[in-house]
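Asks: Can you read through this structure? Questions will come right after.
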Amino acid sequence: MSGEAVAETEPDHTAVRVALWRALHVRADPPPHVIEDEIGLLLADPGDDWRERPDMDVEATRRMRASIVARARFVEDVVAEQAGRGVDQYVVLGAGLDTFAQRRPELGARLTVFEVEQPGTQAWKRRRLTELGYDLPDWLRFVPVDFEGDWWGQLAVAGLDTGRPAVVAATGVTMYLTRDAITTMFRLVAGLAPGSTLVTTFLRPPDDVEPEQRAQLQVAQRGARASGTPFLSFFTPEQMLALGRECGFREVRHVSAAELAERYFADRGDGVEPSRGEEVMVAST
């Protein structure tokens, strides 16, 4: 990027909704909380009546909210595990209102963290962080990109060393991309140094989701389409794993909603668990 000013663009409604759901988990779900994140709520600044929004209905969104916090916690557990093995680069693709750097500075300081996002949204976020009094440490690199252009090259310019292992997270991203774009992304990450890890989420086809969750998914689809960011790609777990292998990853693993439930929700008394509408693949080089 040159030194010219970037016009700010507020984050899209899906990024805001994810941030609000993470806060709603803290405010409406009983402890223990899977992740403690109200910073995204502060960034979004949705107004005092945000909990009255239809998409913040505590009961109707319970399982999707559980999925959102489970995937966030899982990614950060992978980052912590890999940092313990000496990996010191962490790339967040489509960072949106991600707050890892603000919530986990003790872990972030052991890494170089690259937040990759559209220039206007990123400019908006940087301003909001400054307004809220958050430092922008030198281990946090903001990488403004056009995802239709050479975003991988921009990562290298920002300091990503492709010859050393990294963790790359792409959560809530693949549904907005074509299969060709996903394939390109996977092949680039698979070309990183041995010992690198991709953690990505994917949407199952609507008819492959629990029957009681299909209406919620259809609402999300309509909302995404109306906002100009339609869902483009759905995968069964088998299809996602096959694509990971095809793109060159040495090892691929499906992390199901049931596994996330066992990992993060087993000791809860309210019976809440994630929906299988969105699940996880971990791929290693």
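The values are calculated or read from the model by the stated rules, or taken from the named source; none is laboratory data. Everything numeric here is computed off the predicted structure, so don't read it as measured data. Reconstructed Cβ throughout: ideal geometry from the backbone, glycine too, with neighbour counts over all protein chains shown. Accessible surface is based on the protein model in full, side chains and every heavy atom, while ligands, DNA and RNA are left aside. Shrake-Rupley method; radii C 1.70, N 1.55, O 1.52, S 1.80 Å.
Asks: Of the heavy-atom accessible surface of the chain (probe 1.4 angstrom), what whole percent is carbon and sulfur?
Replies: Using a 1.4 Å probe with all protein chains present, the chain comes out at 48 percent carbon and sulfur.
Asks: What does the charge add up to near LEU132, with Lys and Arg as +1, Asp and Glu as -1, over the other residues with Cβ less than 12 Å from its Cβ?
Replies: 0
Asks: Divide by every residue of the chain the summed helix terms, -39500 (n - 2.57) for each DSSP H run of at least 4, and state the resulting mean residue ellipticity at 222 nm, rounded to the nearest 500 deg cm²/dmol.
Replies: About -12500 deg cm²/dmol.
Asks: Please report the net charge: other residues with Cβ closer than 12 Å to the Cβ of ALA83, K and R +1, D and E -1.
Replies: -2
Asks: Determine the shape class of the chain: with a ≥ b ≥ c the square roots of the Cα gyration tensor eigenvalues, call it rounded for a/c under 1.5, and otherwise prolate if a/b is greater than b/c, oblate otherwise.
Replies: On the way: a/c = 1.36, a/b = 1.13, b/c = 1.21.
Rounded, since a/c falls under 1.5.
Asks: Once each part is reduced to its C-alpha centroid, what is the distance from the range 118-153 to the range 261-283 in angstrom?
Replies: Taking the Cα centre of the range 261-283 as reference, the centre of the range 118-153 is 30 Å away.
Asks: Could you check which residue among TYR264, TYR176, TYR134 shows the biggest mean-square fluctuation in a GNM of the chain with a 10 Å Cα cutoff?
Replies: TYR134
Asks: If you roll a 1.4 Å probe over the heavy atoms of the protein chains, what accessible area per residue do you get for the range 1-126, in Å²?
Replies: Working: 5240 Å² over 126 residues.
Heavy-atom accessible area per residue stands at 42 Å².
Asks: Same structure again: log10 I(q)/I(0), Debye, Cα-only the range 231-285, no solvent, q = 0.14, 0.16, 0.17 Å⁻¹?
Replies: Computed log10 I(q)/I(0) values: -0.46, -0.56, -0.62.
Asks: What does the C-alpha gyration tensor say about the overall shape of the range 74-152? Classify as rounded when a/c is under 1.5, otherwise prolate if a/b is larger than b/c, or oblate.
Replies: Oblate, since a/c reaches 1.5 and b/c is not below a/b.
Asks: Of GLY159, GLY108, GLY149, which is the most mobile in a GNM of the chain whose springs link Cα atoms less than 10 angstrom apart?
Replies: The residue with the greatest mean-square fluctuation here is GLY149.
Asks: Can you give the accessible area of HIS13, probe radius 1.4 Å, in Å² rounded to 10?
Replies: Only protein atoms counted, so the area is about 60 Å².
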